[in-house]
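Report on one structure; see the data block that follows.
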Amino acid sequence: MARADNGVWDGDFYAGGSIEPLVGYTEVSGDVVISDDGAIEDLLGLECLERVGGTLTLAATGLTSLSGLGSLEQIGGSLR
């Protein structure tokens, strides 16, 4: 995916080991799935993310907190 001029990730984002590609985006138009068998330990780097157009899924992660999602204002679907 190419970053749009307005900071929107166009489509779904699947993090299977790294959230790095999403750093700096303010919005994802589709779903966000973070599922990595424990490799992702924090969400630092997603501080700019304000909106997820679809569902936000956090599964099989090593997360100990949701720090990094403090700017998230809207999820269009559900939080799983």
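The values are calculated or read from the model by the stated rules, or taken from the named source; none is laboratory data. This is a predicted model, so every value here is computed, not measured. We place every Cβ from the backbone using ideal geometry, glycine too, and count neighbours over all the protein chains shown. Heads up: the accessible areas ignore ligands, DNA and RNA and are worked out on the full protein's heavy atoms, side chains in. Shrake-Rupley method; radii C 1.70, N 1.55, O 1.52, S 1.80 Å.
Give me the Å³ per residue figure for the convex hull around the C-alpha atoms of the chain.
About 72 Å³ per residue, rounded to a whole number.
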The chain - accessible surface per residue (Å², probe 1.4 Å): 54 Å²
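Quick one: pull the percent of accessible area on the chain belonging to carbon and sulfur, 1.4 Å probe, ligands and nucleic acids left out.
Numbers: 2030 of 4360 Å².
Of the solvent-accessible surface of the chain, carbon and sulfur hold 47 percent.
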Residue-by-residue Karplus 3J(HN,Hα) for the range 66-71, coefficients 6.51, -1.76, 1.60, Hz, glycine and proline x: 9, 3, x, 9, x, 8
Those residues of the range 46-80 whose amide nitrogen sits under 15 Å from the label point placed on Ala39, 7 Å along Cα→Cβ: 59-63
